[in-house]
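What follows is a set of notes on a single structure, which appears directly below.
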Amino acid sequence: MAGKVFFSVSMTLDGFIAPDPSDEVMGRQWMKQWMELQAWVFPLRFMRENLKLGEGGEEGRDNDIVRETFERTGASVMGKRMFDAGEQGWPEEAPFQTPVFVVTHEKRDPWHRPGGTTFHFVNDGIEAALDQARQAAGDRDVRIAGGGATILQYVNAGLVDEFSIALSPVLFGSGVSLFEGVDAGRVALEPIRTEHSPRVTHLTYAVRER
């Protein structure tokens, strides 16, 4: 049986999943804000091990959620903008360790990285990328990794089954809004789970057609 299609992001209290993209190119202020948004992740044991940041780290429910998200994912899909930023910023052993399908107009051979990550470049749109990701994932889930515009395309196309938000006590004032442009007349949400930790609140929803 095919797995679910989901996304999982950190979000500020005022609704942004990344700083203002006009603060280019990943300038100092952009990086400072992004690190504040993701501050709950980096002390975790699983994240430190996965990114080869050293031994040790915090355990507990936050750590379990990050590990469970990684373990359920059999393949990922992302947009070209996210890939371009990550190609410069990810370590040589990219942190996915699964096939990743990049929605792009660029024609490019698969890019194999140490540790099991291979990036495939799909030129036929979001549905073609998802079809290939489903085949690669088998009975595991497909994660729409980002960025925000790509996530929104999948939501508006009715292709997302559920999503999780780690609501972080940070304010940006401007940035990449997760739901700006959402087809609210089509999308309905069903709460599945709410979990609190000392750093963030984890919100999980099923996506239904309105």
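Quick notes on this one:
- Computed from the C-beta positions of HIS112 and ASN156, the FRET efficiency with R₀ = 35 Å rounds to 0.60.
- Relative contact order (%) - the chain, alpha-carbon pairs under 8 angstrom, separation at least six: 29 percent
- When the chain is treated as a Gaussian network with alpha carbon springs shorter than 10 Å, the biggest mean-square fluctuation among THR98, THR12, THR194 belongs to THR194.
- Nearest-0.05 FRET efficiency for LEU189 and ASP131, computed from C-beta distance (R0 41 Å): 0.95
- The chain: C-alpha gyration tensor shape, a/c 1.5 cut-off, then a/b vs b/c: rounded
- Portion, in percent, of the accessible area of the stretch 140-203 that falls on carbon or sulfur, probe 1.4 Å: 52 percent
- Total lysine pairs under 26 Å (Cα atoms) in the chain, excluding pairs fewer than 8 apart on one chain: 5
- The stretch 170-210: C-alpha gyration tensor shape, a/c 1.5 cut-off, then a/b vs b/c: oblate
- Per residue, the accessible area of the chain comes to 52 Å² when a 1.4 Å probe rolls over the protein heavy atoms.
- For the stretch 1-50 versus the stretch 71-142, the inter-centroid distance based on Cα atoms is 18 Å.
- VAL207 exposes around 30 Å² of accessible area when a 1.4 Å probe is run over every protein chain in place.
- Net length gained if the chain between ARG72 and LEU53 were fully extended (0.36 nm per residue, minus Cα distance): 4.6 nm
- Three-way shape call for the stretch 17-142 based on the alpha-carbon gyration tensor, with the a/c threshold at 1.5: oblate
- For GluC sites (Glu not before Pro), the sites in the stretch 64-124 that DSSP calls loop and that have at most 12 other Cβ atoms within 10 Å are GLU92, GLU106.
The values are calculated or read from the model by the stated rules, or taken from the named source; none is laboratory data. Not measured: the values here are computed from a predicted model. Heads up, the Cβs are rebuilt from the backbone with ideal geometry, glycines too, and the neighbour counts pull from every protein chain shown. Side chains included, ligands, DNA and RNA excluded: accessible areas come from the protein's heavy atoms. Shrake-Rupley method; radii C 1.70, N 1.55, O 1.52, S 1.80 Å.
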